[in-house]
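Report on the structure given below.
Values in this text are rule-based calculations from the coordinates and carry no lab data. Everything numeric in this text was worked out from a predicted model, so none of it was measured. In this analysis, Cβ positions are derived from the backbone assuming ideal geometry, glycine residues included, and neighbour counts consider all displayed protein chains.
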């Protein structure tokens, strides 16, 4: 099994610092801003970005997390008994600038499902997307606004984001097509 570490814990933290600053610059501060992480990979990253922005701006910023399982166009192919997690959005999304956060973007289907789910809560002013890793391979015309790292992957390769909140390692790993099972 061949694997390559493409981001260390320090790289991840540096990328999240930059993404947080870019969010503030693009939105001219925090007015009407909210951060929402997509289950599962985006939730921990969204919490980190949220904390960084709150500390920097000395403010309280709305944040939440979103389960998109039943909004996916392929959920019935994944499992007949999908695991549905809790969505927690305890603020009005109407007229807010929402920053969706996920760990990896590939086809764009997860983000499309997340946008559909957000619309069930109201009509935001805009939806922006922050991802730690953009691996290309889009099937839908969806592009992230904020990216930690771009890496082009070959068919069969896999990118895993390992975070301390889910285990003991903090890194992004690229697995080659032979080990991506």
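Take the chain, compute every pairwise Cα distance, and split them into 10 Å bins from 0; I just need the percent in each bin.
P(r) for the chain, in whole percents per bin: 9, 37, 38, 14, 2.
Let me have the 222 nm mean residue ellipticity of the chain computed from DSSP H runs of 4+ only, each contributing -39500 (n - 2.57), with the sum over all residues rounded to the nearest 500.
Calculated at 222 nm, the ellipticity per residue is -8500 deg cm²/dmol.
What ranking of 70, 24 emerges when the number of other C-beta atoms within 10 Å of each C-beta is taken as an exposure proxy, fewest first?
Going from least to most buried by this count: 70, 24.
What distance in nm separates the simple spin-label points at residue 145 and residue 22, each placed 7 Å from Cα in the Cβ direction?
1.2 nm
How many angstrom lie between the C-alpha centres of region 1-18 and region 132-181?
If we compute the Cα centre of each part, the gap is 10 Å.
How do 177, 15 line up, fewest other C-beta atoms within 10 Å first?
Listed from fewest to most nearby Cβ atoms, that is 177, 15.
Based only on other Cβ atoms within 10 Å, what is the fewest-to-most ordering of 110, 87?
87, 110
Principal axes first, then extents: for the Cα atoms of region 82-181, list largest minus smallest coordinate on each axis, whole Å, largest first.
Result, largest extent first: 45, 32, 28 Å.
Let me check against my output: what whole-number percent is the relative contact order of the chain, with C-alpha pairs under 8 Å and at least 6 apart? Please report the intermediate quantities before stating the final value.
Values: 353 pairs, mean separation 47.4, N = 181.
Relative contact order of the chain: 26 percent.
For region 115-168, take N as its residue count and report Rg(C-alpha) divided by 2.2 N^0.38 Å.
In units of the globular-protein estimate, region 115-168 measures up at 1.43.
Please list the radius of gyration and Dmax for region 1-77, considering alpha-carbon atoms only, with Å as the unit.
15.3, 47
Between residue 60 and residue 92, what length comes free when the chain is fully extended (0.36 nm per residue of separation minus the Cα-Cα distance, one decimal in nm)? Before the final figure, lay out the partial values.
Numbers: separation 32, 0.36 × 32 = 11.52 nm, distance 1.48 nm.
Result for the pair: 10.0 nm of gain on full extension.
DSSP beta bridges in the chain, what fraction antiparallel, as a percent rounded to 5? Numbers along the way, then the final one.
Details: 11 of 32 bridges.
Of all bridge pairs located within the chain, approximately 35 percent are antiparallel.
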